[in-house]
Every structure is written in structure tokens, then in C-alpha cells.
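*Asks:* Below is one structure. I have some questions about it.
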Amino acid sequence: IESVLAQNTTGSIGRPHIANALVEEGLIRNYQAAFDQYIRNGGPAYESKYTVTPAEAISLINKAGGLSFIAHPNYIKDEKIFSDLINQGIDGIEVVHPSHSRETVEYLKKIASEYFLLTSGGSDYHGGLKNDEKSFGTFTIPYKMVKAMKPHLFM
């Protein structure tokens, strides 16, 4: 536990901290192997998280003055999920993402426009532990996306 706690200074411990500790202690060969063998969803050392429904999450985010976005929409294959989230009051869709092709970006922009949703994006950079250094700073959003969000924020 000391190795896990040493991985983090913010107080919130997650699976990346556990994976790093396992590697540093020599108990596993690399970061990804820790997930694959032990802490993946449903793995032998996996502990389920406290969950809320999408509607509850959207409501909590909005009550706190934030905006709720569908993250990683490229992985959503069932259009009913989009429909349900839109009907539950989602504010926007993550359009810019390393996994999105140009066609996917255009498709997501079309959905956002059709349903009057905000758009967002990012590099999905997690600190280099997932071999994602190439993404850092290369996926950005235009200022007009940020500007569109501002009137919806409760500051």
C-alpha cells in the first residue's frame, strides 16, 4: 500500500497508481500487464466503482455549474445510446479525439448540430503511461468551441 500511496499526491487513488506500484515493486512486467492480468474491468483484483445513471450524472454536473459531454463517442456503436443521452439532457459531444477519423469528426459535428449540442475535444493524454505521448498537444479544439461553452457555464 505504501508503494501505491507514493504514486499519488492528490489523495485520489486509482488503477493507474496501482499499476505503477506493481511495476515498481517488480511484481508485474509493465503497466499494461497490470491491467491485463489483475485490475481490468472484471479482473481478479478489480473493485467496482460507485455508479450513477447517466441522467443522475448529467443532473449533478449541471447543478454544480458544469457541462456534461459524451466522451469517446467513437466507441458508442448503438445510436440509441446517443438518443438516450440527448433526451436526458447531455450538453455536448467530444468531437476531437485521437481515435476519431476525419469522417467521424464530421459525423459527430452533424449530430451536435442536429440536436443543438456543444462540441469539445482533447488529446486523451494520460501522462505517457499508456504510450500516448504522441497525442499530447496535437489534438486541440478551436477557440469557437470554448466560446460556445461559456454562456452555458454557471460561474
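*Asks:* Tell me yes or no: at least one residue of region 127-147 is farther than 30 Å from Arg15 by Cα, open to solvent by less than 90 Å² (accessible area, probe 1.4 Å), in a loop (DSSP other than H, G, I, E, B) and at pLDDT below 90.
*Replies:* yes
*Asks:* A further question follows. Failed condition for Glu79, given (1) open to solvent by 60 Å² or more (accessible area, probe 1.4 Å); (2) modelled with pLDDT of 90 or more, with all others met?
*Replies:* Condition not satisfied by Glu79: (2).
*Asks:* Across region 48-62, what is the total count of residues that are surrounded by 15 or more Cβ atoms within 10 Å (Cβ to Cβ), among the hydrophobic types (A, V, I, L, M, F, W, C) and touching a Gly at 6+ places or on another chain (Cβ under 8 Å)?
*Replies:* Going through region 48-62 one residue at a time, the tally reaches 1.
*Asks:* Okay, moving on. Could you list, in sequence order, the residues of region 47-66 that are within 12 Å of Leu85 (Cβ to Cβ) and of a type in the set (Val, Ile, Thr)?
*Replies:* Selection gives Thr53, Ile58.
*Asks:* Return the residue satisfying two criteria in turn: it lies in region 1-43 and is in contact (Cβ under 8 Å) with a residue 12 or more places away in the chain and among the polar types (S, T, N, Q), and of such residues it is most open to solvent (accessible area, probe 1.4 Å).
*Replies:* Gln32
*Asks:* Take residues that are under 16 Å from the mean Cα position of the chain (by Cα) and tell me which of the helices (runs of 4 or more DSSP H) falling wholly in region 1-91 contain 1 or more.
*Replies:* Of the helices (runs of 4 or more DSSP H) lying wholly inside region 1-91, those with at least 1 residues that are under 16 Å from the mean Cα position of the chain (by Cα) span 15-24, 54-63, 79-87.
*Asks:* Suppose we keep only residues that are modelled with pLDDT of 90 or more and in a strand (DSSP E or B) within region 93-119. Which one would you say is farthest from Tyr75 (Cα to Cα)?
*Replies:* Residue satisfying both the conditions and the ranking: Leu118.
The values are calculated or read from the model by the stated rules, or taken from the named source; none is laboratory data. For clarity, every value in this text was computed on a predicted model and none was experimentally measured. Reconstructed Cβ throughout: ideal geometry from the backbone, glycine too, with neighbour counts over all protein chains shown. Accessible surface is based on the protein model in full, side chains and every heavy atom, while ligands, DNA and RNA are left aside. Shrake-Rupley method; radii C 1.70, N 1.55, O 1.52, S 1.80 Å.
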